[in-house]
Number of protein chains: 2
Amino acid sequence: MTRPLIYNAFVTNNLSHIHHGAWRRPTSQNLGYNDLATWISLATTLDAGGFDAIFFADTFGAMEDHSGGWRTSARHSVQFPAGDPLMLVPAMAAATRNLGFVVTGSILAQQPYLWARTVSTLDHLTNGRFGWNVVTSTRRSEARALGLDDIPSHADRYAQAQEFLEITYKLWETSWQDDAVSSDPRAEGRYLDESKVHEIHHRGARYRMDAVHQQPPSPQRTPVIFQAGGSPIGRDFAARHAEGTFIAGHDPASAAAAITDVRARARAHGRPDDDIRFIQGMTFVVGSTEEEARRLSSEVDDDLDNEAMLAHMSGTIGLDLGAIDLDAPFEEFTSDRTQGVIRGLVESAPGTPKTFRDLSRWAWSQRVVGTPETIADEIGRWAAAGVDGLNIIHIETPGTYVEFIDHVAPVLRARGLMRAAPAAAASAGAETTDDAAPVTLRERLFPGRGARLPASHPARAVLTSP
Amino acid sequence: MTRPLIYNAFVTNNLSHIHHGAWRRPTSQNLGYNDLATWISLATTLDAGGFDAIFFADTFGAMEDHSGGWRTSARHSVQFPAGDPLMLVPAMAAATRNLGFVVTGSILAQQPYLWARTVSTLDHLTNGRFGWNVVTSTRRSEARALGLDDIPSHADRYAQAQEFLEITYKLWETSWQDDAVSSDPRAEGRYLDESKVHEIHHRGARYRMDAVHQQPPSPQRTPVIFQAGGSPIGRDFAARHAEGTFIAGHDPASAAAAITDVRARARAHGRPDDDIRFIQGMTFVVGSTEEEARRLSSEVDDDLDNEAMLAHMSGTIGLDLGAIDLDAPFEEFTSDRTQGVIRGLVESAPGTPKTFRDLSRWAWSQRVVGTPETIADEIGRWAAAGVDGLNIIHIETPGTYVEFIDHVAPVLRARGLMRAAPAAAASAGAETTDDAAPVTLRERLFPGRGARLPASHPARAVLTSP
């Protein structure tokens, strides 16, 4: 069944997210990451172009596994520096109408009570356009920055994340009743009915809290929850909590397999198949002919910085690729962690890489190269395999998104693979030249199902337990 | 010596900061605290009117000492709800040019490494217009929200604040050299010189950290530091760290005494008299005649909510004023904490209150009632006593500030007590219709002394120690 997909811009608050080296291009505005005007301009472009959300990845510690530790990553600006992405959202929200904002927040870094307050504030200020990508942090540099010796074990981190989410669910969903705030405060002479505001008491293995939530119910109450677990425990966590999850398939069939696996896990938590959106990472190089597209793609390769790409891979794998033989077969790397990460990389890489040399030019993303028509063909194949949306990785900002909006989006719309742009939606409407009324991010992802968490979400079990 | 003072708007991210009940006025926009448009409109008004900064007080736990605990404060919206004020800054910054943003951040709530990243991000995004009001938190509700039994002792909190500041000074001032970022990254082919970026290692009683700061030097590096200690240990802390501190004098003479005390303490830390700005809280009711002003002030009194004002006082004193005889003399309250707080209140209250009944209508602020001319006279007296600036408390937003800008500011400017408004500054200039180039918040407070911490600031001692 052909249906419109979800289209997100996938970015970081720094100059180099994934295509390291491309920030040097004369047309790239990535160097302007500490300038609000850069972000407001990008957000209004995405909003007018019909994108669903801008999605901020984030880590708060340098990658430090490649030749010489963090200095190699720093030299090549591999996700370093890294500004706080949350600080970009309010300015972009004020300049846009429909665009959603998904920000990565680590349960290791945040304090649940205060994070709940910050998120509710943002959900109010964005009129319900906020989403939270839940991560647990994986870098030792992040642990040491917070005064820990190392990152807690995988199981410990997910147990902490589970408890963190339970606390925030309680604050967002149950501390204030829907009708606690007066519908006409001046006439009633009071803003709220305090008998409809409740203190939350939490006692758990890692957290204790006795507090009233500091914000009345925001449009979505709980922000849209994203999670990107790749490991079995991570997938199970996503199946339990996520409303949007990432898959890194190397082709539509492998994406379909990942979707089937997470859906089966979700069913075990009582969640219907339609409760989770599956988002694939992808990037595009658009040409007016196949030949032009291939030439442009080859220019991207030329602009990439080999050592930076390797440093990024070292940081992800936890193995110093500067200190090994890049042509050694993967079988020689036998630690549990390395094996797991290599398996994940090989699954999402094009071709069948057998060595790190094979992987080294691969830019952490499916790169689709072609004309608008052949790109739309490819997106159609992923859609047919069950993918619900794309996190579009940029080669440069705003160029990658402008190209997509100007050239690919019209073809996708003609095929029913992308919703009408805001202006087109308005002119298709009857009497008004205004756009349709904005909806929350949750309603964009799940049209017609309301702004709040569905009754089938396992948060309900937390909230109705004594 | 007559000189321009600093004028700040003193606000909270909620509907009722100090003049509880006045949010009901038909002209008040305080109910719009969860709407970005409200804040952007206020910020542009202040910026065009020549205000120096908008100053956000903040607490993240409800006041709970008055008849029935937090529900009494909640019923009257006494600083409850309380949204995250930091989330308002980026949207206001994008819409303004000169206005500074000072936000209260508690060292009990924040994690120093991540707070440093957030603040540097904001100092970049605001072009150096960010200030931090350092607080240690004082409410039990805040402690319990964070999983503590109670707020740490006064001495413990200030020791923690000292260590917190040391960590952030190191990150802001020494992790990146000034020339670490290339002046022409594209031409050089690299963004930064990693040999000029340094890992910070901290080992202290309360914190441990090994990390590289995640942002290059922002315009001010360290934000402008504000602190409002009233106790002897608090005053000493302010004398050591603050570039702006609050005084709550009940008349110019008592303000002068407080200034003399803090200056003496500052000298002991090697700081010259001109390194600290003293900011007095004050509110204004402006009339075209004295009689009109008195009538308007009486209307303010009528709009205030007695129980809310008492609940606010209970929350500050830590004594349930709903459970005591309001006419009992202060001598009957003998706990150390209560005595200290009462002494502070009596010092800053008008008249010589002897009971809580005497204090109960007093709205935590000097209220100056008069014509623009008599108000300017009064401000002149405070300036002559050594006060450097005013935190102007609102009765309602934006009304209190619009009145001040429209009616009082022109008189203050004619007397040299307020800087020219941005537009006036431009027309006074020569060839250009642009405003003078914006400067950082630190340069607004200390004109001509540069954007960075002065060499006389004790942070230098931390930073040059081995």
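The values are calculated or read from the model by the stated rules, or taken from the named source; none is laboratory data. Note that the structure is a prediction, hence the values are computed from the model and not measured. Here the Cβ positions follow ideal geometry from the backbone for every residue, glycine too, while neighbour counts run over all protein chains shown. Heads up: the accessible areas ignore ligands, DNA and RNA and are worked out on the full protein's heavy atoms, side chains in. Shrake-Rupley method; radii C 1.70, N 1.55, O 1.52, S 1.80 Å.
Across peptide A:204-216, the mean count of Cβ atoms from other chains lying within 10 Å of each residue's own Cβ comes to 5. Label-point spacing for B:Gly448 across the identical copies (point 7 Å from Cα in the Cβ direction), in nm and ascending order: 7.1.
To the nearest µm²/s, what D does Stokes-Einstein give for the protein assembly as shown at 10 °C and 1.306 mPa s, using the Kirkwood radius over alpha carbon pairs as Rh? Taking Rh from Cα pairs, D becomes 54 µm²/s. Excluding same-chain neighbours fewer than eight residues apart, the lysines reachable from B:Lys196 by a Cα-Cα span under 28 Å are B:Lys170. Relative contact order of segment A:265-417, taken over Cα pairs closer than 8 Å and 6 or more residues apart, is 38 percent. Accessible surface of B:Leu108, taken over heavy atoms with a 1.4 Å probe and every protein chain present, rounds to 30 Å².
With its label point defined 7 Å out from Cα along the Cα-to-Cβ axis, B:Arg460 lies at 6.5 nm from the matching points of the other copies, in increasing order. Within chain A, helices built from complete DSSP H runs that reach 27 Å or longer along their own axis (Cα positions) and carry a mean Kyte-Doolittle hydropathy of -1.0 or higher are A:154-174. Only protein heavy atoms count here; on that basis, with a 1.4 Å probe, A:Arg208 has an accessible area of about 90 Å². Computed with a 1.4 Å probe on the full set of protein chains, the accessible area for B:Arg117 sits at about 10 Å². Checking an interface number: how much accessible area is buried between A and B, summed over both chains, with a 1.4 Å probe, in Å² rounded to 100? Rounded to the nearest hundred, the buried surface is 6200 Å². When you filter the chymotrypsin sites (Phe, Trp or Tyr not before Pro) in segment B:215-279 for DSSP loop state and at most 10 other Cβ atoms inside 10 Å of their Cβ, nothing is left. Label-to-label distance for A:Asp179 and A:Asp149 is 5.6 nm, based on points extended 7 Å past Cα in the beta-carbon direction.
Segment B:142-210 and segment A:285-307 have their alpha-carbon centroids 41 Å apart. Taking square-rooted eigenvalues a ≥ b ≥ c of the alpha carbon gyration tensor, is chain B rounded, prolate or oblate, where a/c under 1.5 means rounded and, failing that, a/b exceeding b/c means prolate? Note, shape of chain B comes out oblate.
Distances, shortest first, from the label point of B:Gly204 to those at the same position in the other copies read 2.9 nm; the point lies 7 Å along Cα to C-beta. To put it simply, the accessible area of the protein assembly as shown at a 1.4 Å probe is 51 percent carbon and sulfur. DSSP beta bridges confined to the protein assembly as shown are antiparallel in about 15 percent of cases. With R₀ set to 22 Å, the beta-carbon distance separating B:Asp156 from B:Ser335 gives a calculated FRET efficiency near 0.70.
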